[in-house]
Amino acid sequence: MIKYFTDIWTSITTILGGMGITFIHLIRARQDNVTLQYPEERWPRPERNIGFDHDNYNVIRTRLHVDMDDCIGCLKCERACPVDCIKIVTEKAPERGSDIKEIKHVGVTTNGTRKAMVVTRFDIDMSECCYCNLCTYPCPEECIFMTGGPNSSRHPLDYEFSEPDRDNLIYKFAKSGTKEGLDKYIGEKSAES
């Protein structure tokens, strides 16, 4: 019986002690020292000195970006992803004319590789991404990369990419995922060349 009342007394004193500390902090709180109004106000990004130049090494893993003009649709990044957050669909480029020598290639990458496949869907679900950077290494054209760090000349560092809706974290890099979009894309590329 004594243990029962001792437990009640301990519970009451513990609750009152915690509430007292909360009440003291409430009274002593300074203006603008409690909460940062996030979307409008942001903490300054601290300078980090970890012993080497940030331009040579990507110390910050941010979001993935894909340069679709260089993507050849090899699917290596999709296979390397450990959580399957990358979805790629490719279509073979249709042939022009009846002569087998006149196969219509879709274009040329910046490395000089001719593209024979059109990527009709290239989606990255950043809500599933574990930021491991494993998908960037097997890419032969180096078209998929983490923003910032050594890639800051290609795409600036982007910390603030939070979204209120989870569906907005699925980045769709391909032009269109339909057959009509493929025909339109090939028509645009043939007009350029």
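The values are calculated or read from the model by the stated rules, or taken from the named source; none is laboratory data. Because the structure is predicted, anything quoted here is derived from the model rather than measured. Every residue, glycine among them, receives a Cβ derived from its backbone with ideal geometry; neighbour counts consider all protein chains shown.
Give me the residue from segment 6-39 that is among the hydrophobic types (A, V, I, L, M, F, W, C) and either under 30 Å from GLU163 (Cβ atoms) or in contact with a Ser or Thr (Cβ under 8 Å, 6 or more places away or on another chain) (or both) and, out of that set, modelled with the highest pLDDT. Full working, then the answer.
First, pick out the residues of segment 6-39 that are among the hydrophobic types (A, V, I, L, M, F, W, C): 8-9, 12, 15-16, 19, 21, 23-24, 26-27, 29, 34, 36.
Then keep just the ones that are either under 30 Å from GLU163 (Cβ atoms) or in contact with a Ser or Thr (Cβ under 8 Å, 6 or more places away or on another chain) (or both); that gives 34, 36.
Details: VAL34: 62, LEU36: 72.
Residue satisfying both the conditions and the ranking: LEU36.
Using beta carbons and a limit of 9 Å, which pairs, at least six apart or on different chains, have the first residue in segment 136-164 and at positive phi and in a loop (DSSP other than H, G, I, E, B) and the second one modelled with pLDDT of 80 or more and of a type in the set (D, E, K, R)?
Within 9 Å, the pairs are GLU142/ASP67; GLU142/ASP70.
Mind listing just one residue for me: the one in segment 40-77 that is loosely packed, with under 10 Cβ neighbours inside 10 Å and aromatic (Phe, Trp, Tyr) and, of those, modelled with the lowest pLDDT?
Among them, the one singled out is PHE52.
Are any residues in segment 107-131 surrounded by fewer than 13 Cβ atoms within 10 Å (Cβ to Cβ) and assigned to a loop (DSSP other than H, G, I, E, B), and if so, which ones? Let's see the steps before the verdict.
First, the residues of segment 107-131 that are surrounded by fewer than 13 Cβ atoms within 10 Å (Cβ to Cβ): 110-112, 114, 127, 130-131.
Within segment 107-131, THR110, ASN111, GLY112, SER127, CYS130, TYR131 qualify.
Considering only residues that are touching a helix residue (DSSP H, G or I) at 6+ places or on another chain (Cβ under 7 Å) and of a type outside the set (Val, Ile, Thr), look in segment 113-136 and name the one that is nearest to GLY73 (Cα to Cα). Reasoning before the result, please.
Applying the first criterion (touching a helix residue (DSSP H, G or I) at 6+ places or on another chain (Cβ under 7 Å)) to segment 113-136 yields 118, 120, 125-127, 134-135.
Then drop every residue that is not of a type outside the set (Val, Ile, Thr), which leaves 125-127, 134-135.
Values: ASP125: 18, MET126: 20, SER127: 23, LEU134: 17, CYS135: 13 Å.
If we take residues in segment 113-136 being touching a helix residue (DSSP H, G or I) at 6+ places or on another chain (Cβ under 7 Å) and of a type outside the set (Val, Ile, Thr), then CYS135 is nearest to GLY73 (Cα to Cα).
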